[in-house]
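Only one structure is covered here, and it is reproduced in the block below.
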Amino acid sequence: QQPDPCSFVIFGVTGDLAHRLVIPALYNLAAADLLPDKFCVVGVARKGMTSDQLRDSLMKGLRQFATRAVDDAIAERLLACVTCVEADPKEPETFDAMSRQLDALEAARQTGGNRLFYLATPPNAFLPISRELGRTGMLAENGAWRRLVVEKPFGTDLASAKALNSELLKLVEEHQIYRIDHYLGKETVQNILVLRFANGMFEPIWNRNHIDHIQITVDEKLGVGHRGSFYDATGALRDMVPNHLFQLLSLVTMEPPVKFDAHSVRSEKAEVLSAIQTQTEQEALQNSVRGQYRGGRIGDTEIDDYRKTLDVAPGSTTETYAALKLTIDNWRWAGVPFYLRTGKALGVKRTEIAIKFKQAPFAMFRDTPVDRLSQNYLIISTEPTEGIALQFNTKVPGPNINIDGVEMKFRYKDYFKAEPSTGYETLIYDCMIGDNILFQRADSVEAGWQAVQPFLDAWKKAGGKGLKVYEPGSEGPEEANDLLERDGRSWRKLG
Ligand code: BG6
């Protein structure tokens, strides 16, 4: 399906996100012939930048960040539709001028007035820009569609997310807002629904009767690098959990939607997220571990002590690692614990959901240690490999009954030859065709913050007390093991 003719307006077009991801993704869509014939890109930049200068800068970005060899003809055709305009919320008249420019441009390009406003800006600009777009009538849908795309972070806690939603919803309707979580652009993440709902064999065992617990791990090898100022005000919990980890959690735990459409899927996701038990601050402290990395080496790479990172406060108590235990209060998941962990400067980059099944009811093989019999995992991973693995026990060849765990593996790259992509292509394409199935709805965002709020509050009160230190290249603070060990469980080792 080719999207409707439209204008693709990018605020923050001179920034990293636009150069690194948005334009390379548009290029890949152009190469796949998935952009509308009548199309224009409008970049909103600072005063004085010309369209030629913007095109040069985007071309440089494309050469650096394209996921495949750049075909000059396609790149030039794409960049030929780029126009630079100026608009600054502090100078409202610039938005009036922009509105007139867009009208003229759209008449020339015959885009029919459909507009997508992509806010690739720092979050404090979301509202001022949206308000100006609203004031000048640019968000009004009069026979043409108008959409607003916002990047994360969406709020910094429950109160700010609610306030942002309520302000935006004064300007546009929910169906016009596309809240991006780039995890939903990942193939393996989208595949979770297919795995669960296009295969008859998993449904009967996908519940508390057969699942012992679920672990979600998003470990990163890189430290905070040059993002000190953003990260020190944010921390691992805010940066990763209510968005990326909860996307994974909701896809794995939601009820089957009645239809595969945005309303049904997003309603089920919101429903399960709102069933995450809201803990008291006391419970949140008991059910969490937070850590901060010290200086050291990971292989040949030198990692600075977090507190010595550029733009990080010397005595910072911001966590770079978080592990949580949560429960979901509903029929399917009552009594099943969910262990989530994420951190920076760890030994490997690993993103996985490990579903651990209950042990066989009777230990017939008496000589086999019980922990051997309880190694039934289904593992859905995006890093280090994209795929699915099933771990089960098997008899070791020989005259005695010896049991060991083996793995059956499906790796995407063995079956499908996908062109390398930025991960933004599907998301951008869906914004253009008006399918918001892969975007977060206001209620999900708020339910996510609601669940992490007690942890944020409890950690803020505790300050440096309870913040554990860990070595770069490790698996995080030792104490994260206790979170499971006290329940008679352990984190899955990378195998
Ligand atoms: C971003 C976070 O949203 O996701 C980063 O702000 C993090 O801190 C990144 O590194 C992880 O994304 P991915 O796709 O590499 O797992």
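The values are calculated or read from the model by the stated rules, or taken from the named source; none is laboratory data. The shown structure was predicted, so the numbers you read here are calculated from the model rather than taken from an experiment. Glycine gets a Cβ as well: all are built from the backbone with ideal geometry, and neighbour counts include every protein chain shown. Ligands, DNA and RNA are excluded from the accessible area calculation, which covers all protein heavy atoms including side chains. Shrake-Rupley method; radii C 1.70, N 1.55, O 1.52, S 1.80 Å.
By how many nm would the segment from I205 to D305 grow when fully extended, if each residue of separation counts as 0.36 nm and the alpha-carbon distance is taken off?
Contour length minus the Cα-Cα distance gives 31.5 nm.
Which parts of the stretch 1-37 would a label at E91 reach, counting a residue when its backbone N lies under 14 Å from a point 7 Å out along Cα-to-Cβ?
Flagged as within label range: none.
Rounded to the nearest 5, what % of the DSSP beta bridges within the chain are antiparallel ones?
Here the antiparallel bridges make up roughly 55 percent for the chain.
Given a 1.4 angstrom probe, what's the average accessible area per residue across the chain, in square angstrom?
45
At most 10 other C-beta atoms within 10 Å and a DSSP loop state: those are the exposed chymotrypsin sites (Phe, Trp or Tyr not before Pro) I care about. Give me the longest piece of the chain that has none.
Value returned for the longest uninterrupted segment is 1-330.
Enumerate the residues in the stretch 424-463 having an amide nitrogen under 11 Å from the point lying 7 Å beyond the Cα of V258 toward its Cβ.
Answer for the stretch 424-463: none.
Where the only charges are on Cβ atoms (+1 Lys, Arg; -1 Asp, Glu), what is the dipole of the chain about its Cα centre, to the nearest 20 debye?
Charge dipole, the chain, about its Cα centre: 700 debye, nearest 20.
Got a number for carbon plus sulfur as a percent of the stretch 302-376's accessible area, 1.4 Å probe?
56
Could you tell me how far the Cα centroid of the stretch 387-438 sits from the Cα centroid of the stretch 111-140, in Å?
Value for the Cα centre distance between the two parts: 38 Å.
Would you please state which residues of the stretch 457-495 a label at Q359 would reach in this model, taking the label point 7 Å out along Cα→Cβ and a backbone N cut-off of under 14 Å?
Label zone hits: 487-490.
For the stretch 1-101, give the percent of accessible area contributed by carbon and sulfur heavy atoms, probe 1.4 Å, rounded to a whole number.
Carbon with sulfur: 48 percent of the solvent-accessible area.
According to a simple spin-label model (label point 7 Å from Cα along Cα-to-Cβ), what is the distance in nm between T327 and V406?
Taking the simple label geometry, V406 and T327 are separated by 3.8 nm.
Quick check: residue separation of F65 and K38 times 0.36 nm, minus the Cα distance between them. What number comes out in nm?
Gain on extension, F65 to K38, equals 7.2 nm.
If I take R0 = 35 Å and measure r between the Cβ atoms of F230 and A198 in this structure, what FRET efficiency does the formula 1/(1 + (r/R0)^6) give, to the nearest 0.05?
Computed FRET efficiency for F230 and A198: 0.35.
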